[in-house]
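Colleague: Structure below; questions to follow.
The values are calculated or read from the model by the stated rules, or taken from the named source; none is laboratory data. What you see is a predicted model, and the numbers here were worked out from it, not measured in a lab. Don't worry about glycine lacking a Cβ; one is built from the backbone with ideal geometry, like all the others, and counts go over all protein chains shown. Accessible surface areas use protein heavy atoms only, side chains included; no ligands, DNA or RNA. Shrake-Rupley method; radii C 1.70, N 1.55, O 1.52, S 1.80 Å.
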Amino acid sequence: MRSMLAQKGEMRNSAVASTRQSPCAKLPMAKRESRREREREEEREEFDERVIDITRVAKVVKGGRRFAFRTVVIVGDNKGRVGIGVGKSRGVPESIRKGSDYARKRMVHVSLSGTTIPHEVTAKHGGAVVMLRPASPGTGVIAGGSVRAVLEAAGIHDILSKSQGSSNMLNVAVATLKALSMLKNANDLAQMRGKEANELQPFWVRKQNA
């Protein structure tokens with residue numbers, strides 16, 4: 001009997017100890033979550049994040065219509081990497097977070113020539129057509145709307161652009177990103193055409209080298 005009572009007492013003591021230790025066991029998980037949130041905030045601070053479009057959309061269901069927000073977000077590091085993300089949620093902050101996470105995961109590398117692009121390029125997406133041309137230093141970003149947001153997030157400071165066709169913000173942004181992804185540096189173009197890299201440089205670069 002004494003042994004059984006001792007066993008019961010030990011079980012009670014262990015149960016009490018486990019209940020007392022349970023808040024302490026939860027502390028590491030809370031610390032991990034706070035650490036992850038800090039890392040996400042640091043990543044967001046490193047990238048240039050821009051919201052170019054917020055639209056209210058509706059989904060028809062059996063009981064009526066459900067309204068949500070669709071957000072288009074541009075994320076870039078201003079050093080030749082840029083991405084576009086689309087987020088959809090009931091609330092605007094949550095849709096922006098989803099769009100920024102999507103854009104950060106699908107960033108593309110852009111070939112740059114100093115502060116401009118190496119050559120002229122044209123791309124199309126849906127009904128939007130975007131044409132990009134290199135510009136001499138000091139010209140600035142001659143663009144507007146979503147084209148300007150994508151170019152500045154990619155780190156381009158001197159460029160000429162023309163947007164034709166559809167004025168849909170999302171289509172224009174995707175067409176701009178397609179045009180940037182089609183760019184090639186002067187060395188690759190020289191190998192393809194069988195010429196020297198200096199011959200394919202813009203005229204202001206050739207003047208400086210001469």
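Colleague: Could you check, for segment 150-157, whether at least one of its residues is within 21 Å of Asp53 (Cα to Cα) and part of a loop (DSSP other than H, G, I, E, B)?
Modeller: The answer is yes, given that some residue of segment 150-157 is within 21 Å of Asp53 (Cα to Cα) and part of a loop (DSSP other than H, G, I, E, B).
Colleague: Show me the strands (runs of 3 or more DSSP E) entirely contained within segment 48-134 in which 1 or more residues are over 30 Å from Lys162 (Cβ atoms), open to solvent by less than 80 Å² (accessible area, probe 1.4 Å) and touching a strand residue (DSSP E or B) at 6+ places or on another chain (Cβ under 9 Å).
Modeller: Correct list: 48-61, 64-76, 81-89.
Colleague: Right, here's the next one. Kindly check whether there is at least one residue in segment 160-175 that is at pLDDT below 85, in a strand (DSSP E or B) and either out of contact with any Ser or Thr (no Cβ under 6 Å at 6 or more places or on another chain) or not hydrophobic (A, V, I, L, M, F, W, C) (or both).
Modeller: Within segment 160-175 (the criterion being at pLDDT below 85, in a strand (DSSP E or B) and either out of contact with any Ser or Thr (no Cβ under 6 Å at 6 or more places or on another chain) or not hydrophobic (A, V, I, L, M, F, W, C) (or both)), the answer is no, since none of the residues qualifies.
Colleague: Could I ask something else about it? Is it the case, given these coordinates, that Asn187 is among the polar types (S, T, N, Q), free of Cβ contacts under 8 Å to residues at least 40 places away in the same chain, in a helix (DSSP H, G or I) and out of contact with any Ser or Thr (no Cβ under 8 Å at 6 or more places or on another chain)?
Modeller: yes
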